[in-house]
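Accompanying notes for the structure given below.
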Amino acid sequence: MSGIDTPQFVPDDPNQGSGLGPRAKAASGRRRLEPWFGKLGQLDFDIDFFERLLARKGDSIEVLRILAELVSKKGDLDRAVELDARLVELLPEDFLARYNLGCSLARAGRPDDAIDALSRAILLGYDDLGHMESDPDLESLHTHPDFQALLGDG
């Protein structure tokens with residue numbers, strides 16, 4: 001994503017009668033414009049787009065992963081947990097799906113479930129404990145004894 005909520009410039013209004021075709025107008029000048037997707041910011045627009053994709057193809061791993069990341073970024077933690085749990089159902093042996101579920105659960109205030117998901121991720125092969133220790137999504141777990149035990153500190 002670009003990080004920009006709205007397009008910055010578009011070709012001049014083709015209905016303003018310069019006699020130039022659309023491509024010539026685009027080359028001739030640009031003007032500021034209003035958001036082209038209504039009142040939605042970029043993040044909301046992206047979420048809506050991927051929700052629509054998911055409605056068409058509910059088992060798409062790529063759509064589920066992207067949408068889970070987007071709703072997490074938005075702060076819709078219950079939806080992020082739901083999507084990450086669906087990924088784990090579809091990919092029960094995928095340590096990254098379990099790790100992401102653990103992150104969502106931790107952010108949603110469910111530390112015991114988060115630690116369980118992270119434990120399973122490690123059992124499935126997740127081994128970047130340094131990242132786990134510094135991951136801001138897991139900050140709420142740092143003082144939890146079971147989390148420290150996962151890191152080998154307990």
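The values are calculated or read from the model by the stated rules, or taken from the named source; none is laboratory data. Being a predicted model, the structure only gives us computed values, none of them experimental. Please note: Cβ atoms are built from the backbone with ideal geometry, for glycine as well, and neighbour counts cover all protein chains shown.
Miscellaneous remarks
- Residue among Ile61, Ile66 that alone is surrounded by fewer than 17 Cβ atoms within 10 Å (Cβ to Cβ) and among the β-branched types (Val, Ile, Thr): Ile61
- Matching entry among Leu83, Leu101, Leu87, Leu96 (being touching an Asp or Glu at 6+ places or on another chain (Cβ under 6 Å) and closer than 13 Å to Arg65 by Cβ): Leu101
- Residue tally, condition among the hydrophobic types (A, V, I, L, M, F, W, C), in a helix (DSSP H, G or I) and surrounded by fewer than 24 Cβ atoms within 10 Å (Cβ to Cβ), over the range 106-116: 1
- From the list Ala114, Ala121, Ala108, the one residue that fits, being under 19 Å from Ile66 (Cα atoms), touching a residue at least 24 places away in the same chain (Cβ under 8 Å) and either among the aliphatic types (A, V, I, L, M) or in contact with a Pro (Cβ under 6 Å, 6 or more places away or on another chain) (or both), is Ala108.
- Cβ-Cβ under 9 Å pairs, at least 6 apart or on other chains, the range 44-57 side more than 9 Å from Leu70 (Cα to Cα), far side among the acidic types (Asp, Glu): Phe45/Asp5
- Flag for Gly75 being at positive phi and surrounded by fewer than 20 Cβ atoms within 10 Å (Cβ to Cβ): yes
- Candidate set: the range 77-105, residues that are in a loop (DSSP other than H, G, I, E, B) and touching a residue at least 24 places away in the same chain (Cβ under 8 Å); chosen: the one farthest from His131 (Cα to Cα): Leu91
- A residue that is outside any helix (DSSP H, G or I), modelled with pLDDT under 90 and surrounded by 16 or more Cβ atoms within 10 Å (Cβ to Cβ) occurs somewhere in the range 18-39.
- In the range 133-154, residue surrounded by the most Cβ atoms within 10 Å (Cβ to Cβ) [restricted to those that are among the aliphatic types (A, V, I, L, M) and without any contact (Cβ under 8 Å) to a residue 24 or more places away in the chain]: Leu151
- Output for the range 125-154, where each listed residue is of a type in the set (Ser, Thr, Tyr) and farther than 17 Å from Leu105 by Cβ: Ser134
- Flag for Asp48 being of a type outside the set (Phe, Trp, Tyr) and modelled with pLDDT of 70 or more: yes
- Scan of the range 120-154 for residues that are in contact with a helix residue (DSSP H, G or I) (Cβ under 6 Å, 6 or more places away or on another chain) and of a type in the set (Gly, Ala, Ser), ordered by number: Ala121, Gly125, Ser140, Gly154
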